[in-house]
Amino acid sequence: MNAHPILFRSLLIALIATSAAPTALAASGQHLVTDDGACQLTVPANWKPLHIMGKLLKFHANSPDGSAGASISSDAPFSLAQVKQIAESSAKVTKVFEDTTRRLWIQITMSGATGTHWYVAVPGCHADIHFARPSQGATAKQIASSMQSVH
């Protein structure tokens with residue numbers, strides 16, 4: 001009987017921590033969006049969007065020193081279950097943060113890649129988030145938590 005208040009308090013603290021952090025980033029950050037506008041996530045305001053041949057690409061951005069980055073893509077023709085199968089067949093899953101019908105969030109390793117790599121998917125969208133230093137994990141978590149399908 002005494003375990004229930006402790007469990008409830010732990011769940012409440014976790015809920016507050018995960019819901020408050022994305023709000024702070026969203027208020028001060030910039031949105032990355034897919035070309036079709038169906039998906040978005042928020043990165044820090046000082047991150048640099050990708051420019052190729054003078055064209056601003058709103059689906060990818062890097063930290064100022066280039067040690068972290070995020071990109072977002074639309075998965076319109078695929079279900080979340082199919083996206084999960086594709087991700088798991090493309091890379092080795094080393095940690096599962098969330099695997100529900102609403103969100104897949106996994107840590108992966110890929111041949112030749114360094115640092116930490118997260119793959120986050122919601123119905124219709126996925127994001128790749130990478131960072132070189134463990135100290136960047138909190139920012140990466142805010143980015144991952146901000147991802148959403150707009151439609």
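The values are calculated or read from the model by the stated rules, or taken from the named source; none is laboratory data. Not measured: the values here are computed from a predicted model. Ideal geometry is used to build each Cβ from the backbone, glycine not excepted, and the neighbour counts take in all protein chains shown.
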Exception for ALA68 within (1) out of contact with any strand residue (DSSP E or B) (no Cβ under 6 Å at 6 or more places or on another chain); (2) closer than 25 Å to ASN46 by Cα falls at (1)
If you take the residues in the range 73-96 that are among the charged types (D, E, K, R) and surrounded by 18 or more Cβ atoms within 10 Å (Cβ to Cβ), which one is modelled with the lowest pLDDT?
-> ASP75
Since HIS126 meets every condition but one in (1) under 14 Å from LEU41 (Cα atoms); (2) modelled with pLDDT of 95 or more, which condition does it not meet?
-> (2)
Of the residues in the range 42-72, those that are modelled with pLDDT of 90 or more and either touching a Cys at 6+ places or on another chain (Cβ under 9 Å) or over 24 Å from THR114 (Cα atoms) (or both) number 2
Could you please give the count of residues in the range 99-123 that are more than 14 Å from the chain's Cα centre (by Cα) and either buried (at least 16 other Cβ atoms within 10 Å of the Cβ) or in contact (Cβ under 8 Å) with a residue 40 or more places away in the chain (or both)?
-> 1
Residues of the range 78-87 being without any contact (Cβ under 8 Å) to a residue 12 or more places away in the chain and assigned to a helix (DSSP H, G or I), which ones?
-> ALA81, GLN82, GLN85, ILE86
Filtering the range 29-38 down to residues that are of a type outside the set (Val, Ile, Thr) and surrounded by 14 or more Cβ atoms within 10 Å (Cβ to Cβ), which residue is modelled with the highest pLDDT?
-> ALA38
Quick one: in the range 39-58, which of the residues that are farther than 21 Å from SER146 by Cα and either touching a helix residue (DSSP H, G or I) at 6+ places or on another chain (Cβ under 8 Å) or not β-branched (Val, Ile, Thr) (or both) is surrounded by the most Cβ atoms within 10 Å (Cβ to Cβ)?
-> HIS51
Are any residues in the range 101-114 in contact with a helix residue (DSSP H, G or I) (Cβ under 9 Å, 6 or more places away or on another chain) and in a loop (DSSP other than H, G, I, E, B), and if so, which ones?
-> THR101, ARG102, ARG103, MET110
Right, VAL96: free of Cβ contacts under 8 Å to residues at least 12 places away in the same chain and either among the acidic types (Asp, Glu) or not in a helix (DSSP H, G or I) (or both) or not?
-> yes
